[in-house]
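Structure, as structure tokens:
Rule-based calculations on the coordinates, nothing more; no lab input. If you're wondering where the values come from, they're calculated on a predicted model, not measured in any experiment. Cβ coordinates were reconstructed from backbone atoms using ideal geometry, including for glycine residues, and neighbour counts include every protein chain displayed.
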Amino acid sequence: MAKFLNTSATNYFLEELIKGASERLILISPFLKLNDRVKELLSDKNRLKIDVRIVYGKNELQPEEINWLRELTYIRTSFCKNLHAKCYLNEESCIITSLNLYEFSQVNNNEMGIHLSRSQDPEIYREAFEEAQRIIRISDEVRMSLEKISSAQAERAETVTAEPAASSESLEPASGKITSSKLAKKLGVSTQTFLDRMVEAGNLELQDGKHLITEKGKTEGGEFKVSKRFGPYFIWPESFCL
């Protein structure tokens, strides 16, 4: 039967769920920044050729996540716009929880969750699995195409954008404007630093953790765009300076 999990129990059963996967493993988490223990467990699943699907919901991954994920053949990563669910499944168990697959959350936050067993809670497990499959279907698989960077570079770069698999759809119209990530790179800062500075300058504002373009930002030539494949993003004049 279903079992209630507090913070420490959630972390424990999550590790056990990953370790126990012998056929498939699905990890759904809006935020993705893996601790060394989880990386070790997932690397072992990759060596055993277990099918692992990771779905996340934020456009930017830490450089170490990109470097690590691109080396693992049997771990596939997908981006799902507007993802808020946190659900972890193998072929026998499921955890539905408030816990992100994020190092900070696993150490600092107070979390709760429910552990389900396929044998003891077959109907709930089936419904959770079907919903997880639906989320995978509506997600865009990501190809980690960033060149591997050194640890020194990783320390200087707060975040790097993962590149979605090739598509005929371009994020940038032929208007002399480029995305926030490309402009940040041109200015020699991380995307997150660029966005923070845009907030400080009044070109963007934060509401409920989301960036919104201001009238000042529009006057500066900024535009808000939504791509069916890549989700929401901003473009700015290529000559823009902070």
Q) Under a plain spin-label model, where a point goes 7 Å from the Cα along Cα-to-Cβ, how far apart in nm are Gln192 and Arg37? A) 2.2 nm
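On a full-extension model of 0.36 nm per residue, what is the gain between Asn110 and Ser98, subtracting their alpha-carbon distance, rounded to one decimal in nm?
3.4 nm is the gain from fully extending Asn110 to Ser98.
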(Q) If neighbour count is taken as other Cβ atoms inside 10 Å, put His115, His211, His84 in order from fewest to most. (A) His84, His211, His115
Q.
Out of the trypsin sites (Lys or Arg not before Pro) in the stretch 1-62, which ones are loop residues according to DSSP with at most 12 other C-beta atoms within 10 Å?
A. Lys49
Q. Which residue, chosen from Ile135, Asn6, Pro122, occupies the Cα position most advanced towards the positive end of the dipole of the stretch 3-142, where the dipole is computed from +1 (Lys, Arg) and -1 (Asp, Glu) charges on Cβ about the Cα centre?
A. Ile135
Q) Once label points are set 7 Å from the Cα along Cα→Cβ at both Val199 and Gln120, what is their separation, rounded to one decimal in nm? A) 4.3 nm
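Please report the antiparallel percentage of the DSSP beta bridges confined to the stretch 3-142, to the nearest 5. Mind dumping the intermediate values first?
On the way: 18 of 30 bridges.
DSSP beta bridges in the stretch 3-142 are roughly 60 percent antiparallel.
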Q. What is the gain in length, in nm to one decimal, between Glu215 and Arg24 on full extension, counting 0.36 nm per residue of separation less the C-alpha to C-alpha distance?
A. 64.0 nm
